[in-house]
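The block underneath contains the structure these notes are about, expressed in structure tokens.
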């Protein structure tokens, strides 16, 4: 990895130490000690689009100027004033540097922590509502499934699910069920488009949060705004609830999250009613995302073989708990 080339853009005559650490699924993350401080180096692996990075960084810089009760990543500037660097290894990738934020990953299934996450998500939603970046969002809303996943138009998904390759043939029935849910979901898209829109983070979950080291129920930071875009406002809490369901979250924890969020942001009845379908959208979007990675040759069949039963189980659990979640949303958010 060309770490030295990237870091010379920030410290032409400096010295640094680069170390591995906890990292996410999508990008390469390294931890850097330089100039007497700690930094986080990110190399973008999911795209080669500088406009996507400009939008993310403009949003983060705008957030950093607001009085938030938690931190967000603040992109550092190179000696030439840019917030990111193109790698010179011929890959077309880009990298950037953020100041390190101390903290630990929270346990969002703990009710006290879940409430704190709800409050922080609400505060973030209010802050993002006031931001008007000069450039258009790079990512489509969740409900624009076909635009978000160009390798997965409906007819290609239909063909794949009806006749999966040999490596995935054992999942034919499950794929047929997922595709049926996708078809039904597409009938709801016009309704989603009528709901209030604003910038959303779009991926709030424990892996993108830090808690204070000395207080497990107090959030220190919300991280990873790579997929921030303009979307349905209610999608923000729907994404969090989707993650909680996937991790085996209890009704108590989900109620605590919604009470925390609802103490800061109130939604309309139509928005609250839409959250269960939006959770379903999120879960199907993740499946389509990994289907697209498979069709593009990024992942082999083993990854999709894990994701298919995961999607089915998550959607089945949502169906069992849908009425309870709907009731909580109407009670806590309206």
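The values are calculated or read from the model by the stated rules, or taken from the named source; none is laboratory data. This is a predicted model, so every value here is computed, not measured. When we count neighbours, we look across all protein chains shown, and the Cβ atoms used for this are built from the backbone with ideal geometry, even at glycine.
Residue selection: residue 95 fails the criterion of being in a loop (DSSP other than H, G, I, E, B) and either in contact with a strand residue (DSSP E or B) (Cβ under 7 Å, 6 or more places away or on another chain) or modelled with pLDDT under 95 (or both).
All of (1) outside the structural domain of residue 29 (by TED's automatic domain parsing); (2) surrounded by fewer than 16 Cβ atoms within 10 Å (Cβ to Cβ); (3) over 30 Å from residue 316 (Cβ atoms); (4) touching a residue at least 24 places away in the same chain (Cβ under 8 Å) hold for residue 138 with one exception: (2).
I'm trying to understand the selection: among the residues of the stretch 320-330, which are free of Cβ contacts under 8 Å to residues at least 24 places away in the same chain and touching a helix residue (DSSP H, G or I) at 6+ places or on another chain (Cβ under 9 Å)?
The answer is 323, and nothing else.
Considering (1) closer than 21 Å to residue 209 by Cβ; (2) in a loop (DSSP other than H, G, I, E, B); (3) more than 21 Å from the chain's Cα centre (by Cα), the lone condition that residue 38 does not fulfil carries the number (2). Residue-level check: of (1) over 17 Å from residue 123 (Cα atoms); (2) in a loop (DSSP other than H, G, I, E, B); (3) at pLDDT 95 or above, residue 204 misses just (1). Remark: residue 183 matches the filter, which requires a residue to be surrounded by fewer than 20 Cβ atoms within 10 Å (Cβ to Cβ) and either at pLDDT below 95 or assigned by TED's automatic domain parsing to the domain that holds residue 278 (or both).
Out of the residues in the stretch 151-165 meeting the condition of being without any contact (Cβ under 8 Å) to a residue 60 or more places away in the chain and in contact with a helix residue (DSSP H, G or I) (Cβ under 9 Å, 6 or more places away or on another chain), tell me which one is surrounded by the most Cβ atoms within 10 Å (Cβ to Cβ). Result: 161. Would you say residue 199 is surrounded by 16 or more Cβ atoms within 10 Å (Cβ to Cβ), over 24 Å from residue 223 (Cα atoms) and modelled with pLDDT of 95 or more? Spelling it out, it is not the case that residue 199 is surrounded by 16 or more Cβ atoms within 10 Å (Cβ to Cβ), over 24 Å from residue 223 (Cα atoms) and modelled with pLDDT of 95 or more.
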